1. Along its three principal axes, how long is region 176-252 when you only count alpha carbons? Whole Å, largest extent first please.
2. If every alpha-carbon in the chain counts as one equal scatterer, what log10 I(q)/I(0) does Debye give at q = 0.07, 0.09 1/Å?
3. Rank-order 285-297, 325-337, 398-410 by packing density, defined as the average count of other C-beta atoms within 10 Å over each peptide's residues, highest first.
4. Rounded to the nearest 500 deg cm²/dmol, what is the calculated helix-only ellipticity per residue at 222 nm for the chain, with -39500 (n - 2.57) per DSSP H run of length n ≥ 4?
5. Nearest-5 percent of antiparallel DSSP beta bridges in the chain?
6. If you count, for each residue, the other Cβ atoms within 10 Å and average over each peptide, how do 344-356, 421-433, 190-202 line up from highest to lowest?
7. Might you report the magnitude of the Cβ-based charge dipole of region 373-445 about its Cα centre, with Lys and Arg at +1 and Asp and Glu at -1, to the nearest 20 debye?
8. Take the alpha-carbon centre of region 372-437, take the same for region 246-315, and report the distance between them in whole Å.
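What follows draws every value from the coordinates through simple rules; no lab data is involved. Given the structure is predicted, the values throughout are model-derived calculations rather than measurements. Backbone-built Cβ (ideal geometry, glycine too); neighbour counts: all protein chains shown.
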Amino acid sequence: MRHLSFALCITLTLIATGLFAADKPNVIVIYTDDQGFADANCYGSKELTTPGIDALAASGVRFTQFNASAPVCSPSRAGLLTGRYPIRAGMPNNAGAPPIHDIEDKPHAGLTPELTTIAEMLKAHGYATAHIGKWHLGFGKGSRPTDQGFDYDFGHMGGCIDNYSHFFYWNGPNRHDLWENNVEVYYDGKFFPDLMVEKASAFIDKHKDKPFFMYYAMNNPHYPYQATSDWIEHYKELPFPRNLYAAFVSTLDQRIAALVKKLEDAGLRDNTIIIYQSDHGYSCEERAFGGGGSAGNLRGAKFSLFEGGLRVPAVISWPGHLPQGAVRDQFVHGCDWLPTIAELVGVAPPADIDGKSIVSVIKSADAPSPHKVVHWTIGKAWAVREGDWKLTHNTWDPSGKGQMDKNDKQAFLSNVAEDPTELTNLADKHPDIVKRLQQLHDDWAKTLK
């Protein structure tokens with residue numbers, strides 16, 4: 001009898017979970033790679049063509065002061081998926097190169113297995129879950145997408161691939177890096193952004209009758225700049241390397257538009273929350289020809305804790321439920337998406353996270369930022385922000401917009417509201433603020449394991 005009662009409870013729970021989930025919206029997070037803050041029409045670009053991103057902004061809320069959780073790829077993604085500062089999610093720096101032979105069935109440096117990701121949080125409430133695109137959070141046992149709450153996984157494990165051969169060429173030996181549910185797959189010569197749209201469309205078709213969560217992690221405009229020929233022709237008058245970068249941005253924008261159209265054709269757009277964000281600032285690396293992207297008047301780029309490395313384009317759109325064509329200037333943060341999604345779909349977020357729900361900010365331009373103090377770390381560099389005051393230590397400026405001496409590297413103080421360019425170090429003028437922010441960092445650092 002006890003066994004029958006237990007079985008009945010389980011059955012009723014499953015039925016209730018299914019009914020509960022049926023009323024919930026779908027969620028898609030579109031994460032672009034190395035896209036600069038000013039690299040979309042809706043973010044001030046006069047030379048780029050980005051109707052897909054602009055349409056999301058017109059149908060939703062666009063943020064002007066959204067900071068990624070880190071200025072490099074893996075930590076930023078860890079902050080997004082776990083709602084924790086990357087250093088507290090086991091990803092203080094970039095994950096290693098992809099596997100040489102096979103995805104190892106043993107522990108390997110990567111995203112901490114014990115933490116709850118967005119996928120695990122939503123899967124527990126009846127959602128089908130998919131990761132499509134770039135992972136870069138480890139490939140060993142416990143760190144793979146299928147170990148982190150994703151029912152379906154298609155994409156590459158490392159930081160980037162050639163978009164046609166799907167090989168990783170940037171840290172020898174060269175290796176093929178394309179996987180589907182932990183099995184190596186081959187699509188010789190097929191353009192990876194198009195493969196992403198194809199796999200995402202198939203997942204939507206399969207799960208259109210139940211809520212789903214999709215982490216759609218694009219690998220462009222990250223190098224190699226491999227835009228389609230029509231966009232290369234379109235931007236041929238722009239100077240090098242802006243022309244190559246711009247063409248790749250429009251190539252990604254076209255694929256974002258294709259994904260949204262798939263939702264519309266399936267009758268799911270009004271019941272789907274779409275979040276769009278770049279992982280951090282644009283790249284000035286040699287493999288990106290030294291640049292091509294833009295952060296507008298902001299100083300810094302990828303790897304930098306100046307605003308050009310941290311401040312990113314970001315939009316949330318849910319027609320009929322959230323404001324449309326709205327702009328929010330409040331400071332918000334990459335770890336905030338997890339608790340925000342949780343509130344919007346009506347589930348409880350995991351405990352002990354650093355992100356804060358920004359639903360109140362999304363709904364009102366008058367709502368205060370939920371953050372009093374925010375921290376960043378990358379390598380030996382760190383930054384802390386309290387209100388509009390920001391102190392950085394040991395950061396650098398790959399964009400070359402300003403000179404830095406040893407004192408600037410030790411302590412660079414800026415007020416990002418009064419001077420978002422961060423070209424003037426205010427540390428000597430406000431030693432009391434430097435001391436206070438330094439103490440905030442020191443106290444926080446003592447809490448880290």
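1. 46, 29, 17
2. Cα-only, vacuum Debye calculation for the chain: -0.33, -0.55.
3. 325-337, 285-297, 398-410
4. -8500 deg cm²/dmol
5. 50
6. Final packing ranking: 190-202, 344-356, 421-433.
7. 200
8. When both Cα centres are located, 25 Å separates them.
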